[in-house]
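Worksheet for the structure shown next.
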Ligand code: SAH
């Protein structure tokens, strides 16, 4: 019998943990969108967390990624992904690249993901990581996402992964017809509510969903 190399065994272990994560934390809690589940089964979350946290990569919680920031709990990533109805042919904007994990999950489904990160080191690290993983349809930019990315608008999907007390007007303006935006809105220091906006015939409707906790949306001075 051939001996398997240690790297392969480790990869198998991560894949087993990832499939279990999707089954017990995500499908069991009602996420049913096939594309979202497929993406969550595929993206190697352990590559997106610091080496010191790798053994916790598939646990049911957010994890620190440095610079006082966090990678969201896997369920929240799946939930927000399903809410914005990702599909082939769509263009997405993410505010708050962080580790790049949410961007990678979206990029498995949609055509292009534009993502903006305000911590320069995180923007640089994520761009490198996503490139190494072979994602050619993710464009990372350092900057303040409050103003969106007008040059590439309108977007079918806008995901904001940091909290504020209101939804930035530029993001509402950059939402495409039929598009969906999801963002945690409320007191950035305590608890927020997940809000989904849908633009139809130029008019925006709002849905208020679960209570959530995200790190605050910062502004460049
Ligand atoms: N989506 C990330 C997790 C986001 S944590 C992931 O999958 O790992 C929130 C991120 O938003 C942090 O990295 C923080 O630095 C960033 N952020 C905060 N305010 C921002 C702003 N105004 N523009 C862009 N990024 C911002």
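Can you give me the P(r) profile for the chain? Cα pairs, bins 10 angstrom wide beginning at 0, each as a whole percent. Distribution as computed: 8, 35, 39, 14, 3, 1, 0 percent. With the cut-off at 1.5 for a/c, could you classify region 140-181 from its C-alpha gyration tensor as rounded, prolate or oblate? Taking the square roots of the gyration eigenvalues as a ≥ b ≥ c, region 140-181 is oblate.
Helical runs assigned H by DSSP (4 residues or longer) give the chain a calculated mean residue ellipticity at 222 nm of -8000 deg cm²/dmol, each run adding -39500 (n - 2.57) before division by the residue total.
Extents of region 1-104, taken as max minus min of Cα coordinates on every principal axis and listed largest first, are 47, 34, 26 Å. The value obtained for region 79-129, namely the Cα convex hull volume divided by the number of residues, is 66 Å³ per residue. Given R0 = 22 Å, the distance between the Cβ atoms of residue 27 and residue 56 translates into a calculated FRET efficiency of 0.60. Per-residue packing, averaged as other Cβ atoms within 10 Å, sorts the ranges 183-192, 154-163 into the order 154-163, 183-192, beginning with the highest.
For the pair region 47-68 / region 72-98, the C-alpha centres are spaced 19 Å from each other. Approximating the spin labels as points 7 Å out from Cα along Cα→Cβ, the residue 151-to-residue 19 distance works out to 4.3 nm. Quick check: from the Cα gyration tensor, does region 114-221 come out rounded (a/c under 1.5), prolate or oblate? Since a/c reaches 1.5 but b/c is at least a/b, the shape of region 114-221 is classed as oblate. Relative contact order of the chain: 14 percent, from C-alpha pairs under 8 Å at least 6 residues apart in sequence.
Bridges between two residues of the chain, per DSSP, are antiparallel at a rate of about 45%. Listed peptides 83-91, 111-119, 195-203 appear in the order 111-119, 83-91, 195-203 once ranked by packing, highest mean of other Cβ atoms within 10 Å at the front.
If you line up the long axis of helix 6-21 against the longest principal axis of the chain, both from Cα atoms, how many degrees apart are they, to the nearest 10? Roughly 50 degrees between the two axes.
Taking all Cα pairs closer than 8 Å and separated by 6 or more residues, the relative contact order of region 1-129 comes to 21 percent.
Nearest 10 degrees is fine. How inclined is helix 74-83 to the longest principal axis of the chain, computing both from alpha carbons? Approximately 40 degrees, to the nearest 10.
Angle of helix 120-132 to the longest C-alpha principal axis of the chain, folded into 0 to 90 degrees and rounded to 10: 50°. Each DSSP beta bridge with both residues in region 50-172 is either parallel or antiparallel, and the antiparallel ones are about 20%.
Since every read-out is calculated from the coordinates, none of them should be taken as a lab result. Please read these numbers as outputs of a predicted model, since none were measured by experiment. Using ideal geometry, Cβ is built from the backbone for each residue, glycine included, and neighbour counts are taken over all protein chains shown.
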